[in-house]
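Throughout, read-outs are computed from the coordinates displayed, never taken from laboratory work. These numbers come from a predicted model, not from an experiment. So basically every Cβ, Gly included, is an ideal-geometry build from the backbone, and we count neighbours across all protein chains shown.
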Amino acid sequence: MSTKATRSLHLSSSLGGELYFVSSNKHKFEEVQAFLASALPSIRLRFFEAELSEPRARLEEVAKEKAREAFALVKKPLFVEDSGLFIDAYKGFPAQYSSWVYKTLGLDGVLKLMSGFEGEERRAHFKAIIAFTHDGSHVQLFEGIVKGRISDEKRGREGFGYDPIFIPEGYDKTFAEDKHLKRKLSHRYKALNAFKGFLEELTSPSDVETKNER
């Protein structure tokens with residue numbers, strides 16, 4: 001049996017059909033649950049509410065550290081998600097500080113920062129990083145990115161966070177104006193889709209059996 005096959009069996013066994021999502025944001029859990037419940041009904045998704053630390057680092061490193069910190073609390077296979085808004089006019093800011101900016105400046109503050117910028121100058125993108133660990137040591141990352149622009153004003157009542165001021169590329173509505181648009185295009189769903197493929201491989205008996213025969 002190959003090293004990869006052995007590791008797949010170990011991961012599948014440790015998963016045991018149950019997976020934890022660790023976050024302090026229940027809105028994120030609702031989005032994650034809606035996606036995985038339909039995509040992978042064999043996995044029981046649990047929510048563990050916790051306020052995890054926010055190290056000053058790149059988004060990928062933040063997600064890794066959060067996953068390790070979360071495992072110390074849960075001690076079960078889990079994943080965390082960290083995301084950021086990157087505004088071109090401010091060289092990618094707020095990036096990993098998106099949560100802090102949202103809490104301190106709010107949407108009105110961000111729109112004020114964007115005053116005077118027009119057209120292409122309002123370009124931005126969202127990035128989501130999902131970090132999965134089954135043992136608190138090995139962490140695997142899954143990325144999702146959606147390009148777009150900052151709107152001129154807050155629009156819509158759906159979603160949360162920056163959704164009322166983010167318009168995805170090729171569209172005229174913000175994520176907060178069309179939840180179906182968000183589900184189809186958002187950074188979080190793209191990262192979740194990549195993660196889903198990984199979980200399908202782990203939980204597929206036929207896939208593991210094929211690997212054993214090689």
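Using the C-alpha gyration tensor of the stretch 49-98, what are the square roots of 5 times its eigenvalues, in whole angstrom, with the largest one first?
Rounded to whole Å, the semi-axes are 25, 9, 8.
If we restrict to alpha carbons, what Rg and Dmax does the stretch 26-117 come to, in Å?
According to the Cα coordinates of the stretch 26-117, Rg and Dmax are 16.0, 50 Å.
Take the chain, connect every pair of alpha-carbon atoms lying under 10 Å apart with a spring to form a Gaussian network, then pick out the residue of Gly92, Gly161, Gly116 with the largest mean-square fluctuation.
Answer for the Gaussian network model of the chain: Gly116.
Whole Å is fine, so just give me how far the alpha carbon centre of the stretch 109-131 lies from that of the stretch 145-185.
Each part's Cα centre sits 11 Å from the other's.
At a threshold of 8 angstrom on Cα-Cα distance, excluding pairs fewer than six apart, so keeping six or more, what relative contact order does the chain reach in percent?
Over the chain, the number comes to 20 percent.
Residues of the stretch 117-159 with the amide nitrogen closer than 17 Å to a label point 7 Å from the Cα of Ala37, along Cα-to-Cβ, please.
159
Provide the per-residue ³J(HN,Hα) series for the stretch 182-192, in order, calculated from phi with Karplus coefficients 6.51, -1.76, 1.60 and θ = phi - 60°, each as a whole number of Hz, with x at glycine and proline positions.
In residue order, the calculated couplings are 4, 4, 7, 10, 5, 4, 5, 6, 5, 5, 5 Hz.
When a/c reaches 1.5 or more, the comparison of a/b and b/c decides; with that in mind, is the stretch 3-213 rounded, prolate or oblate per its Cα gyration tensor?
Prolate, because a/c is 1.5 or more and a/b exceeds b/c.
Among the listed pairs Lys28/Lys182; Lys127/Lys184; Lys76/Lys184; Lys26/Lys112; Lys147/Lys179; Lys127/Lys173, which are separated by more than 21 Å between their Cα atoms?
Beyond 21 Å between Cα atoms: Lys76/Lys184; Lys26/Lys112.
Per 0.36 nm of contour for each residue apart, how much would the distance between Glu49 and Glu158 grow if the chain were fully extended, relative to their Cα-Cα spacing?
37.0 nm
Hey, rough spin-label estimate for Ile145 and Glu118, points 7 angstrom out along Cα→Cβ, what's it come to in nanometres?
2.9 nm
Where both residues lie in the chain, what percent of DSSP beta bridges are antiparallel, nearest 5?
75 percent
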